[in-house]
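A.B. asks: I have a structure I would like to understand better, so I am pasting it below and will then ask my questions one at a time.
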Amino acid sequence: MNRRAFLPTLALATALSFSLSGCLAGENAADTQPAADGGSEAVTQGGTLNIDFATYNPLSLIIKEQGWLEEELADQGITVNWVQSAGSNKANEALRAGAIDVGSTAGSAALLARSNGSPIKAIDIYSQPEWAALVTLPESGITSVEDLRGKSVAATRGTDPYFFLLQALESAGVAQSEVTIENLQHADGRAALASGAVDAWSGLDPIMAAAEQDGAQLFFRDIDFNTYGFLNATEDFLAGKPDVAQTVVNAYEKAREWAKENPEETAAILAEVAGIDAAVATAVIIDRTNLDVDPAPGDAQRSVLEKIGPVFVETGDVQSQVQIDEALDTLLDASLVEKADPASIGAGS
């Protein structure tokens, strides 16, 4: 095409581009309004916040039970839709599918998802737990990781207990090929152990604590093999509704303060939602969950994830270390925690 013929085509394309941009801007503008104080930040109006709750994330249970998000977002006409996550893998699936805007996972699961292209960022650290361990029954004869050679172990692929198992095997010099790993969701893993369908289970609290109360034994524990609890959000949500994302983080920090001041009540909420005894819930909250942790995603989490990243590559869960490194550079986002105002939650009630 000569230059004379090309110019009208270029002009038409440019006009179409501006026209489409105007349409998109108009659609976005319908969902937001200028801040009431005249500031530059837009205020989201209408729509739905899709957010998860999980028994492995006690802060989510508090926020849901207290109704803080519903109260805070009512004036903006935003509906809060709570979706239960049965495990980090399920939360990651929902985040990737756009079924939820905010979801709870272990740090290892968040890194795995980001490494494989899921557009998420970790916006808050909700806990530093010892929530995974290797579990068996007293009659199994299994007392060490080395005893797992030739045995079957239930674990939920893509979750912290799964990666806990892989690290445990590696530390004991047991090859994965020497163990049969049954990919079962956490509750199903416990049931399989109880029925004798598997020899061991890489468990997750509070299900694991309940199994322990029923006589199961934790035969291998290592808190350093547990990664942090990550609160993740999709990049689309963070870009399109930053004010709502800030409200979520504000609520999380309010819940952290509440949980630290009310550990027994926090355990009672967990017991009710998880359907476990109060004593079991209390053990999970008080003995195996550190909520008094720096909530800003940063160096502490990166240090842990740098250790587990190569394991993903060795197992084939991630194709290359380059993907791991890129994910580590883009996953952690402390900006909302740095601006968090927990006192703003409930201030208008």
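Nothing in this text is a laboratory measurement; each read-out follows from the coordinates by a stated rule. No experiment lies behind these values; they were computed from the predicted model shown. No Cβ is skipped: glycine too gets one built from the backbone with ideal geometry, and neighbour counts run over all protein chains shown.
A.B. asks: Which net charge results when you count Lys and Arg as +1 and Asp and Glu as -1 among the other residues whose beta-carbon is under 13 Å from that of Lys151?
C.D. replies: Once all neighbours under 13 Å are counted, the net charge is -4.
A.B. asks: Want the number for Asp277 to Asp224: 0.36 nm per residue separation, take away the alpha-carbon distance, what's left?
C.D. replies: Separation in residues times 0.36 nm, less the Cα-Cα distance, equals 16.3 nm.
A.B. asks: Moving on to the next point. Find the relative contact order for segment 132-224 and round it to a whole percent, using C-alpha pairs within less than 8 Å whose residues are 6+ positions apart.
C.D. replies: The normalised contact order for segment 132-224 reaches 48 percent.
A.B. asks: Put +1 on the Cβ of every Lys and Arg and -1 on every Asp and Glu Cβ in the chain; which of Gly107, Leu148, Gln176 then has its Cα farthest towards the positive end of the dipole?
C.D. replies: Gln176
A.B. asks: Helices from the chain with mean Kyte-Doolittle at least -0.5 and a Cα length along the axis of 24 Å or more, per DSSP H: which?
C.D. replies: Long hydrophobic helices here: 3-31, 299-315.
A.B. asks: For the pair Thr330/Trp82, report the inter-label distance in nm, with labels modelled 7 Å from Cα in the Cβ direction.
C.D. replies: 3.3 nm
A.B. asks: Provide the net charge surrounding Pro129, with neighbours chosen by a C-beta distance below 11 Å and charges set as Lys +1, Arg +1, Asp -1, Glu -1.
C.D. replies: Within the 11 Å Cβ shell, the charges total -3.
A.B. asks: Give the long-range amide H neighbours of Ile78: residues separated by 5 or more places, or on another chain, with amide H under 5 Å away, using H modelled in the peptide plane at 1.01 Å from N.
C.D. replies: Result for Ile78 returns Gly46.
A.B. asks: Net charge within 12 Å of Ala210 by Cβ-Cβ distance, Lys/Arg positive one each and Asp/Glu negative one each, not counting Ala210 itself?
C.D. replies: -3
A.B. asks: Helix-only estimate, please: 222 nm mean residue ellipticity of the chain, summing -39500 (n - 2.57) across DSSP H runs of length 4 or more and dividing by its residues, to the nearest 500.
C.D. replies: -14500 deg cm²/dmol
A.B. asks: For Phe219, which sequence-distant residues (separation of 5 or more, or a different chain) have an amide H within less than 5 Å of its own amide H, given hydrogens modelled in the peptide plane?
C.D. replies: Leu134, Val135, Thr136
A.B. asks: What lysines does Lys90 reach when the alpha-carbon gap must be under 17 Å and sequence neighbours fewer than 8 apart in one chain are set aside?
C.D. replies: The reachable lysines, counting only those whose Cα sits under 17 Å from Lys90, are Lys121.
A.B. asks: Further, regarding this structure: Give me the number: length gained by fully extending Ala300 to Ala268, i.e. 0.36 nm times residue separation minus the C-alpha to C-alpha distance, one decimal in nm.
C.D. replies: My answer for the length gained is 8.5 nm.
A.B. asks: Rounded to two decimals, what is Rg over Rh for segment 196-349 when you use alpha-carbon atoms and the Kirkwood radius?
C.D. replies: 1.01
A.B. asks: Determine the dipole magnitude for segment 106-264: charges of +1 sit on the beta-carbon of Lys and Arg, -1 on that of Asp and Glu, nothing else is charged, the reference point is the Cα centre, and the result goes in debye to the nearest 20.
C.D. replies: 360 debye
A.B. asks: Next question, about the same structure. What number in nm² do you get for the chain if you take the convex hull of its Cα atoms and divide its surface by four?
C.D. replies: One quarter of the hull surface, i.e. the mean projection, equals 21.7 nm².
A.B. asks: Lys307: which aspartates and glutamates have alpha carbons under 13 Å from its alpha carbon, excluding same-chain residues fewer than 8 sequence positions away?
C.D. replies: Straight-distance partners of Lys307: Glu170, Asp224, Asp299, Asp325.
A.B. asks: Relative to the Cα centre, what is the charge dipole magnitude of segment 199-296, using +1 at the beta carbon of each Lys and Arg, -1 at the beta carbon of each Asp and Glu, and rounding to the nearest 20 debye?
C.D. replies: Computed charge dipole of segment 199-296: roughly 160 debye.
A.B. asks: Moving on to the next point. What are the residues whose amide H is under 5 Å from the amide H of Asp124, where those residues sit 5 or more places off or on another chain and H is modelled from the backbone?
C.D. replies: Correct list: Leu231.
A.B. asks: How big is the charge dipole of the chain about its Cα centre, in debye rounded to the nearest 20, if each Lys and Arg gets +1 on its Cβ and each Asp and Glu gets -1 on its Cβ?
C.D. replies: 1200 debye
A.B. asks: Then there's this: In nm, give the distance between the simple-model label positions of Glu170 and Asn290, each being 7 Å from the Cα along the Cα-to-Cβ direction.
C.D. replies: My value for the distance between the label points is 2.1 nm.
A.B. asks: Take peptides 204-215, 263-274, 300-311 and line them up by average Cβ neighbours within 10 Å, highest first, as a rough protection proxy.
C.D. replies: Descending mean neighbour count gives 204-215, 263-274, 300-311.
A.B. asks: Nearest-5 percent of antiparallel DSSP beta bridges in the chain?
C.D. replies: Roughly 65 percent of the beta bridges in the chain run antiparallel, per DSSP.
A.B. asks: Stretched out fully, how many nm does the piece from Asp75 to Asp236 gain, at 0.36 nm a residue minus the Cα gap?
C.D. replies: 55.7 nm
A.B. asks: Select from Val280, Leu231, Ala347 the residue farthest towards the positive end of the dipole of segment 193-349; place +1 on Cβ of Lys and Arg, -1 on Cβ of Asp and Glu, and compute about the Cα centre.
C.D. replies: Ala347
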